[in-house]
Every structure is written in structure tokens, then in C-alpha cells.
Amino acid sequence: MRHFLTLNDLSSEELNQLLLRAVELKKMQKSGEIFEPLKNQTLAMIFEKSSTRTRISFEIGMSQLGGHALFLSPKDTQLGRGEPIEDSARVISSMADGIMIRTFGHDVVEKMAEHSQVPVINALTDDFHPCQLLADMQTYYEHRGSIAGKTVLWVGDGNNMCHSYINAAKQYGFKLRISTPEDYEPNADLVAANQDRVELIRNPMDAAENVDLVVTDVWASMGQEEEQKKRERAFKDYQVNSELMAQANSDALFMHCLPAHRGEEVSAEVMDAEDSVVWDEAENRLHAQKALLEFLMA
Ligand code: CP
Ligand code: NVA
């Protein structure tokens with residue numbers, strides 16, 4: 001049995017196979033082919049934070065694969081009333097065939113996996129968002145071919161998405177530049193462990209020179225709503241706009257996991273430009289996660 005808590009739970013070869021499988025599953029779905037390897041299987045989906053894309057893609061993905069998805073919110077389950085994660089993991093995994101969880105602390109998904117009899121998928125924690133990277137890597141591949149050997153720029157907060165890009169740099173073989181304001185750098189241990197792939201560059205305009213992909217994310221993540229004003233001040237020079245994109249290679253793409261705030265981390269112009277592939281990223285959540293569900297559960 002395998003879990004998917006970070007990109008490091010799969011080998012580089014497995015991740016590349018998953019990417020190709022996602023492209024294939026997308027073609028099959030577009031051509032109307034019925035493919036139901038997860039018939040009679042159920043994915044329990046625990047959401048302790050909000051979601052549009054993740055919930056829709058997992059729920060529709062399970063239904064297209066012939067299975068069923070169960071939406072569980074802490075508001076109406078005993079999780080919200082303090083039933084221990086260990087106990088919940090035992091109970092849920094005695095009935096469901098897979099567990100997907102979006103929560104705050106990464107230790108929660110680790111604990112869930114430790115006590116689960118079925119595969120556990122991390123659908124975002126404060127530290128990592130590996131499912132989004134499956135979709136992002138598929139999207140880059142579909143537009144520009146292999147990302148191996150390319151240079152990617154992460155601009156903004158050194159957050160969960162940034163951490164997953166660090167793991168992706170190693171697993172998919174690209175160079176990653178990270179440009180954050182002071183005090184918003186990614187986890188230092190993670191950076192140190194990936195020194196050969198990752199470079200921190202304070203000035204975003206310098207960092208953007210000749211990159212192949214520019215990626216950003218919200219300035220205040222879920223759970224940081226009260227820091228919004230403080231963060232707007234700290235991040236004001238870290239907007240992805242046309243001036244910044246002009247530093248990148250002429251065929252550079254722009255990505256954002258969404259939801260986005262036009263006028264904050266990205267200008268409306270860049271968000272809605274031709275090189276912005278944010279809608280493909282969102283759609284590919286469905287196809288990439290179907291490949292993941294098949295890999296873990298079929
Ligand atoms: N990108 C992403 O995970 O979106 P949601 O928060 O809407 O699921
Ligand atoms: N960093 C963001 C990603 C949302 C998909 C957050 O954690 O809220």
C-alpha cells in the first residue's frame with residue numbers, strides 16, 4: 001500500500017509515468033471512452049479548509065473512474081468535536097478504499113497515514129500541496145514538452161506550494177529560483193536538502209531573467225487571513241506583472257494554482273494573457289488525480 005503525502009512518496013520514474021498516464025486519461029475522457037477501474041470503491045474526502053478545484057476534481061474523478069466520493073467536513077463529523085485522528089483513520093479506513101485529506105498541520109496527514117489501512121492522499125497542508133504539482137507538471141508538458149533542464153521561478157510566499165515546487169525541482173529535474181521578501185523564505189532545511197536545484201534570489205526582476213516558467217500564489221494562504229494587510233505591504237514588490245514577465249524567456253509560461261487575486265500577486269494583464277495557462281492547470285487537476293487514484297487504488 002502506498003500513500004501520497006508529498007511528491008517524495010513516489011519515485012521520479014513513477015511521477016513521470018503518472019504524468020503520461022494523465023495525458024492518456026484526458027484523451028480517453030475527451031473522446032467519451034468509459035473507463036471504470038474503481039467500480040464500487042469509495043474515496044473519503046476530509047476537508048478542514050475550503051476548496052473549489054480539489055473537491056470538484058476528486059469527486060468528479062472518482063465518479064468517472066466508476067467509484068464514489070464522500071465529502072466529510074469537520075462541521076458535521078466528529079473530527080470537528082475532537083475525535084482523535086488515529087481513531088478516525090481506523091474507522092474511516094475500515095470502510096473506505098482511500099482517504100483524501102486537506103488540513104492545517106502536515107503532522108495530521110502523517111498521523112492519518114500511519115493509522116490508515118488504505119492509501120492516504122494529501123490534498124493540501126500548511127506545508128505541501130503535491131496534487132497541484134501533478135497538474136502543473138502535466139500542464140507544462142502539454143504546452144512545452146519536458147520540464148527537465150528548464151528554469152522555473154517561484155515568486156512570492158515561501159509557502160506550501162513553494163515547498164512542493166522544491167520537491168518537484170528534484171523529482172522532475174528542473175532548476176528552481178525562489179524570490180521572496182525577507183522573513184517569507186521557504187523552509188530552510190528543505191532548501192538546504194535541495195541545494196543543487198534551488199537558488200534564493202531576493203530581487204524578483206533579477207530572478208526572472210531567462211526563466212521558462214513563472215509561478216506564484218496568494219500572499220495570504222488559508223489560515224493567514226488576519227495577516228492580509230501586513231502581507232500586502234511585505235509583498236508589494238513581488239507582483240507578477242508584464243514588466244516581470246518581460247525578463248523571462250519569450251516562450252515562458254505563467255502558472256498559479258488559483259484562486260488568484262488580480263492586482264495583488266498577479267496583474268490582470270498577466271493572469272489573462274496568452275502565456276497564462278492557469279485554466280489548464282485547474283482542469284488538469286482532474287486528469288492528474290485520476291492517474292493518481294488509479295495508481296494508488298486500482
Ligand atoms: N488550487 C487549489 O487547490 O484550489 P482549491 O483550494 O479551490 O481546491
Ligand atoms: N497557498 C494556498 C494554496 C491554495 C490552493 C493556501 O494554502 O491557501
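When residue 269 is tested against (1) surrounded by 17 or more Cβ atoms within 10 Å (Cβ to Cβ); (2) more than 16 Å from ligand 1 (Cβ to nearest atom), just one condition goes unmet, and that condition is (1). Among the residues here, residue 27 qualifies as basic (Lys, Arg), more than 16 Å from ligand 2 (Cβ to nearest atom) and surrounded by fewer than 20 Cβ atoms within 10 Å (Cβ to Cβ).
For residue 19, indicate whether it is under 17 Å from the mean Cα position of the chain (by Cα) and of a type outside the set (Phe, Trp, Tyr). Show your work before the answer.
Working: under 17 Å from the mean Cα position of the chain (by Cα): yes; of a type outside the set (Phe, Trp, Tyr): yes.
Yes; evaluated as a whole, the condition is true for this residue.
Give the residues of segment 163-192 that are assigned to a loop (DSSP other than H, G, I, E, B) and of a type outside the set (Phe, Trp, Tyr), sorted by residue number. Across segment 163-192, the qualifying residues are 173, 180, 181, 182, 183, 185, 186, 187.
Tell me, which residue of segment 221-239 that is touching a residue at least 24 places away in the same chain (Cβ under 8 Å) and under 19 Å from the mean Cα position of the chain (by Cα) is farthest from ligand 1 (Cβ to nearest atom)? Here the residue is 223. Of all residues in segment 243-298, those that are within 30 Å of residue 66 (Cα to Cα) and polar (S, T, N, Q) total 2.
Here's the yes/no breakdown for (1) within 26 Å of residue 115 (Cα to Cα); (2) surrounded by 14 or more Cβ atoms within 10 Å (Cβ to Cβ); (3) free of Cβ contacts under 8 Å to residues at least 40 places away in the same chain:
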site: 3; (1), (2), (3): yes, yes, no
site: 20; (1), (2), (3): no, no, yes
site: 39; (1), (2), (3): yes, no, yes
site: 57; (1), (2), (3): yes, yes, no
site: 79; (1), (2), (3): yes, yes, yes
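Filtering segment 111-132 to residues that are within 12 Å of ligand 2 (Cβ to nearest atom) and surrounded by fewer than 24 Cβ atoms within 10 Å (Cβ to Cβ) leaves 126, 127.
Is segment 43-64 home to any residue that is away from ligand 1 (no atom under 16 Å from the Cβ) and assigned to a loop (DSSP other than H, G, I, E, B)? Please lay out each step first, then the result.
Start the filter on segment 43-64 by keeping residues that are away from ligand 1 (no atom under 16 Å from the Cβ), which leaves 44, 63-64.
Cutting the leftovers down to assigned to a loop (DSSP other than H, G, I, E, B) gives us none.
The answer is no, given that none of the residues of segment 43-64 is away from ligand 1 (no atom under 16 Å from the Cβ) and assigned to a loop (DSSP other than H, G, I, E, B).
Listed conditions (1) of a type in the set (Asp, Glu); (2) part of a helix (DSSP H, G or I); (3) more than 16 Å from ligand 1 (Cβ to nearest atom) are all met by residue 281, apart from (3). For segment 136-164, residues that are more than 19 Å from residue 199 (Cβ to Cβ) and within 11 Å of ligand 2 (Cβ to nearest atom) total 1. Going by the conditions given, is residue 13 in a helix (DSSP H, G or I) and either aliphatic (A, V, I, L, M) or touching a helix residue (DSSP H, G or I) at 6+ places or on another chain (Cβ under 8 Å) (or both)? So residue 13 does not fit the description; no. Whether any residue in segment 228-238 is surrounded by fewer than 14 Cβ atoms within 10 Å (Cβ to Cβ) and either within 21 Å of residue 26 (Cα to Cα) or among the hydrophobic types (A, V, I, L, M, F, W, C) (or both) is what I want to check. No; the residues of segment 228-238 include none that is surrounded by fewer than 14 Cβ atoms within 10 Å (Cβ to Cβ) and either within 21 Å of residue 26 (Cα to Cα) or among the hydrophobic types (A, V, I, L, M, F, W, C) (or both).
Residue-wise test of (1) out of contact with any strand residue (DSSP E or B) (no Cβ under 9 Å at 6 or more places or on another chain); (2) more than 16 Å from ligand 1 (Cβ to nearest atom); (3) closer than 22 Å to residue 55 by Cα; (4) not in a strand (DSSP E or B).
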| residue | (1), (2), (3), (4) |
| --- | --- |
| 126 | yes, no, yes, yes |
| 133 | yes, no, yes, yes |
| 142 | yes, yes, no, yes |
| 149 | no, yes, no, yes |
| 161 | no, no, yes, yes |
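Looking for something in the same structural domain as residue 181 (by the TED database), over 24 Å from residue 277 (Cβ atoms) and more than 20 Å from the chain's Cα centre (by Cα) - is there at least one such residue anywhere in segment 241-261?
Looking only at segment 241-261, we keep the residues that are in the same structural domain as residue 181 (by the TED database), and these are 241-261.
Of the ones still in play, those that are also over 24 Å from residue 277 (Cβ atoms) are none.
Within segment 241-261, none of the residues are in the same structural domain as residue 181 (by the TED database), over 24 Å from residue 277 (Cβ atoms) and more than 20 Å from the chain's Cα centre (by Cα).
In segment 93-106, is there at least one residue being hydrophobic (A, V, I, L, M, F, W, C) and over 30 Å from residue 216 (Cα atoms)? Break it down into steps so the answer makes sense when it comes.
Residues of segment 93-106 hydrophobic (A, V, I, L, M, F, W, C): 95-96, 99-101, 104.
Narrowing the set further to residues that are over 30 Å from residue 216 (Cα atoms) leaves 95-96.
The answer is yes; a qualifying residue exists.
The values are calculated or read from the model by the stated rules, or taken from the named source; none is laboratory data. What you see is a predicted model, and the numbers here were worked out from it, not measured in a lab. Note that each Cβ is placed from the backbone with ideal geometry, even for glycine, and that neighbours are counted across all protein chains shown.
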